[in-house]
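Contents: one structure, followed by commentary.
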Amino acid sequence: MAAVPTKTHCPYCSLQCGIELDASGGSVALTPQDDFPTNRGGLCAKGWTAAELLGHPERLTTPLVRDRRESPLRSATWNEALERIVAAFQLAQQQHGRDAVGCFGGGGLTNEKAYQFGKFARVALRTSAIDYNGRFCMSSAAAASNRSFGIDRGLPFPLADVAHADVLLIVGSNPAETLPPAMQFFDEGRARGAKHIVVDPRRTPTATRAELHLQPVPGTDLALANGLLNVVIREGLLDGDYIADRTTGFEAVRRAVRLYWPDRVERITGVPENDIVAAARMLAKADRAMILSARGAEQHSRGTDTVQALINLALALGLPGREYQGFATITGQGNGQGGREHGQKCDQLPGYRKLDDPAARAHVARVWGIDLADLPMPGRSAYEMLDAIGTPGGVRAMWVMASNIVVSAPNTRRIAQKIGQLDFLVVSDTFLSETAELADVVLPTAQWAEESGTMTNLEGRVILRRKAVDAPGGVRSDLDVLADLAKRLGAQGFSSDSEEVFDELSRASAGGKADYRGISYARITKEQGVFWPCPSPSYPGTARMFTEDFPTPDRRAHFHAVDQPAPAELPDDEFPYYLTTGRLLRQYQSGTQTRRVAQLAKAAGEPVVELHPTLAQSVGVRTGDKVVLRTRRGEVVMTARTESGIRPDTVFAPFHWGGAGSVNRLTIPTLDPHSRMPSFKVCAVAVARADTTDLMKGEVAHE
Ligand code: SF4
């Protein structure tokens, strides 16, 4: 009888495309699942080549330790590695208090790992110092959604609903390159006659398919959203009944957007007044309209307010909760959604509970079997925890789980310096990432298809990524390592079985905003995933939210008046252009995995900076030249490519590389006051040909 392929999911982004892996023939064959609802047989280049990660020659298969800071990493036994960790954590806490040990997680961790990592920090270490790299990804959208809707689920409706919308406003998102299989839903809509409006400083592949492309100055999306609402109000296109019946706070917003008349918004954003008016009319007059946002609108020092402005627009048009309409934000990382629900955030307990809420604390302490008094209070957010290293009260020893912070954090040169000030760093990962290279102990852990665990995709659908192959000898799962270390630290109740951990997670989440109590591995298998909230086994799950009301205390959605802020940094004589950053089709996040896949590395093997031909000419650069990008935080060297579709005052660089090509050396760590999101998407930059800049050449030559 032929072996049955294992149904599982892609290791990368939030679409979590369904795939099948067949390891029966000696090698691993990967095919898409034709019937999985989000990809329906589609995969992007990353998904098609993901099996190359299994059995990769650079795979870590033994723990590594460093005898002294300056010594090279050497192989060690698991016992030696874990004993070193225990000794270092205990020493740091004895000398400097419990918060001297920090934990830093990732948005790619399964729900079970994210949950168990948060429990490990609070129960085994009793530290408040835990946060994760999703702070750099979705936190502004989460903050605005919580504030307005009372809950944070990226898409409050199934992805397939996109095909039914008549007009889509897509702000700061490029799904044609970041989620290619999802484009079938967008294309289906356009084939039916739907019109898409894309807001992006670059003419991306998503923008080229749109009816209308608005190219604002980076960091001015908030003014644009307020300008669209200004037109909607002036032209009497509001949904007055919806505003009256289902929302609060509109009058303050009405007053605030009075100042955003279209010609003023044109002066702020650079978007022509006529296009602003046309976009507002298209959106407001559609039978079914949707507004989608993503990191382009969110990764700013006022990202929460920018998302809020888009939510205000959606509420004024009466979209959220109506069939095939609404506001949504498109998650990026594989488990960006679930990873922010179950307790690896500094202020959060499982089920999206607040760590400083007495009732939430009591509930979770009961599930964990600990004294309420032993549960730490909220700690510092991701960048703040890293930035405090080397200062009084900062962490002295840290565990980084599956995150490459010296590539993905903002202002990475400073972060690398901070990491160097730690007394002890342990990194668990599948490959020797740039962050792992700095560690005192490296733990080789299992990857996606080598272990089972749940992920929550961009729609809030909880899915099961099943084990399809055995991990190489010497490799252990993160859950196994967490259980072992917890035991060595004297803590009880840490299972290494993913299904057992999920059952505990679902109990801990019961009654919370992200309630998984009714979800089980068996149900996920039978139903192709289950949408949360799902409070009981008999509950069908919640595919579409807000149809009746909103989960706020008054059951209404809340408007909040917001104003376009002054940017954290503006171009000037020394740094005359805008720098914006983003993802490429053939790379993923910090590139730890995708830079090691031959086909992807061949197609996108180095960072290339895009600049408009006019800008290129003014600085004497042609496609293929090496250029130096310089900001107040540092310099990087990249190859140039001229692109007529980008704004002439803006350059775009991808963030998938470390070292001398790491664009996050340039980005600015000014944090959003609500979400603590750094301002990745805009800062002021100087551009010059590498061979014309002696000062820059000297700097770069040190790499
Ligand atoms: Fe994987 Fe995302 Fe590509 Fe799908 S779209 S194959 S989940 S990287």
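In table form, for the structure just shown:
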{"quantity": "Value of Rg/Rh across the stretch 604-687 [Cα atoms, Kirkwood radius]", "calculated": "0.99"}
{"quantity": "Relative contact order %, the stretch 15-88, counting alpha carbon pairs below 8 Å whose residues are six or more apart", "calculated": "18"}
{"quantity": "Cα-only radius of gyration and Dmax that characterise the stretch 483-581, units Å", "calculated": "22.5, 64"}
{"quantity": "Value in Å of the Kirkwood radius, where the stretch 87-229 supplies the Cα pairs that are averaged", "calculated": "18.5"}
{"quantity": "The stretch 87-172 - charge dipole about Cα centre, Lys and Arg +1 at Cβ, Asp and Glu -1, debye rounded to 20", "calculated": "420"}
{"quantity": "Expected-Rg normalisation [2.2 N^0.38 Å, Cα atoms] applied to the stretch 562-703", "calculated": "1.05"}
{"quantity": "Rough spin-label spacing in nm, given labels placed 7 Å along Cα→Cβ, for Thr31 and Gln492", "calculated": "5.0"}
{"quantity": "Three principal axis lengths of the stretch 180-320 [C-alpha, angstrom, descending]", "calculated": "40, 31, 27"}
{"quantity": "Reach of Lys626 by Cα under 17 Å, taken over lysines that are not fewer than 8 positions away in the same chain", "calculated": "Lys697"}
{"quantity": "Cα lying deepest toward the dipole's positive end in the chain, options Leu292, Leu228, Gly529, charges on Cβ", "calculated": "Leu228"}
{"quantity": "Where trypsin sites (Lys or Arg not before Pro) in DSSP loops with at most 14 other Cβ within 10 Å are excluded, longest remaining stretch of the chain", "calculated": "259-554"}
{"quantity": "For the stretch 13-162: relative contact order, % (alpha-carbon pairs under 8 angstrom, 6 or more apart)", "calculated": "12"}
{"quantity": "Ratio of the Cα radius of gyration of the stretch 418-532 to 2.2 N^0.38 Å, where N counts its residues", "calculated": "1.24"}
{"quantity": "Rg ratio (alpha-carbon, reference 2.2 N^0.38 Å) - the stretch 326-458", "calculated": "1.19"}
{"quantity": "Euclidean distance between Cα centres, the stretch 174-237 to the stretch 604-643, Å", "calculated": "27"}
{"quantity": "Beta bridge orientation in the chain: antiparallel %, DSSP, nearest 5", "calculated": "45"}
{"quantity": "Value of D in µm² per second that Stokes-Einstein yields for the chain, Kirkwood Rh from Cα pairs, at 4 °C (1.567 mPa s)", "calculated": "51"}
{"quantity": "All-pairs Cα distance distribution in the stretch 33-125, expressed in whole percent, bin size 5 Å", "calculated": "2, 10, 11, 13, 19, 16, 10, 7, 7, 4, 1, 0"}
{"quantity": "Entries in Lys354/Lys487; Lys113/Lys487; Lys7/Lys467 that, when Cα-Cα distance is taken, lie over 19 Å", "calculated": "Lys354/Lys487"}
{"quantity": "Residue (of Val367, Gly379, Asn411) at the positive-pole extreme of the stretch 349-436, dipole from beta-carbon charges", "calculated": "Asn411"}
{"quantity": "Hydrodynamic radius by Kirkwood, which averages 1/r over all alpha carbon pairs of the stretch 204-246, in angstrom", "calculated": "12.7"}
{"quantity": "Using θ = phi - 60° and Karplus 6.51 cos²θ - 1.76 cosθ + 1.60, couplings along the stretch 523-539 (whole Hz; Gly, Pro as x)", "calculated": "5, 4, 5, 5, 10, 6, x, 10, 7, 8, x, 9, x, 8, x, 8, 7"}
{"quantity": "Check: the stretch 268-345 dipole with +1 on Lys, Arg Cβ and -1 on Asp, Glu Cβ, in debye", "calculated": "120"}
{"quantity": "5 angstrom amide H check on Ile291, placed H, neighbours 5+ away", "calculated": "Leu169, Gly326, Phe327, Ala328"}
{"quantity": "In sequence order, calculated HN-Hα J values of the stretch 189-197 (Karplus, 6.51, -1.76, 1.60; Hz; x Gly/Pro)", "calculated": "x, 5, 5, 7, x, 5, 10, 10, 10"}
{"quantity": "Normalised per residue, the volume of the convex hull around the Cα set of the stretch 392-480 (Å³)", "calculated": "133"}
{"quantity": "Whole-Å semi-axes of the ellipsoid equivalent to the stretch 250-310 (Cα gyration tensor, √5λ, descending)", "calculated": "18, 17, 14"}
{"quantity": "FRET efficiency, Gln617 to Asp470 (Cβ-Cβ, R0 51 Å, nearest 0.05)", "calculated": "0.35"}
{"quantity": "From the C-alpha gyration tensor of the stretch 302-386, square roots of 5λ in Å", "calculated": "32, 16, 13"}
{"quantity": "Zero-based 5 Å bins, Cα pair distances in the stretch 83-128, whole percents", "calculated": "5, 22, 27, 22, 14, 8, 2"}
{"quantity": "Computed log₁₀ I(q)/I(0) - Debye formula, equal Cα scatterers, no solvent, the stretch 8-51, q 0.21 Å⁻¹", "calculated": "-0.59"}
{"quantity": "Only Lys, Arg (+1) and Asp, Glu (-1) charged, at Cβ; the chain dipole about Cα centre in debye", "calculated": "260"}
{"quantity": "Amide H contacts of Arg465 (H built 1.01 Å from N, under 5 Å, at least 5 apart or other chain)", "calculated": "Gly453, Thr454, Met455"}
{"quantity": "Dipole-positive endmost among Val101, Ser538, Gln587 within the chain (Cβ charges, Cα centre)", "calculated": "Val101"}
{"quantity": "Helix-only [θ]222 nm of the chain, DSSP H runs n ≥ 4, -39500 (n - 2.57) each, per residue, nearest 500", "calculated": "-8000 deg cm²/dmol"}
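All of the numbers you see were taken from the coordinates with simple rules; none came from a lab. Worth saying up front: this structure is predicted, and the values here are computed from it rather than measured. Cβ: placed from backbone, ideal geometry, glycine included. Neighbour counts: every protein chain shown.
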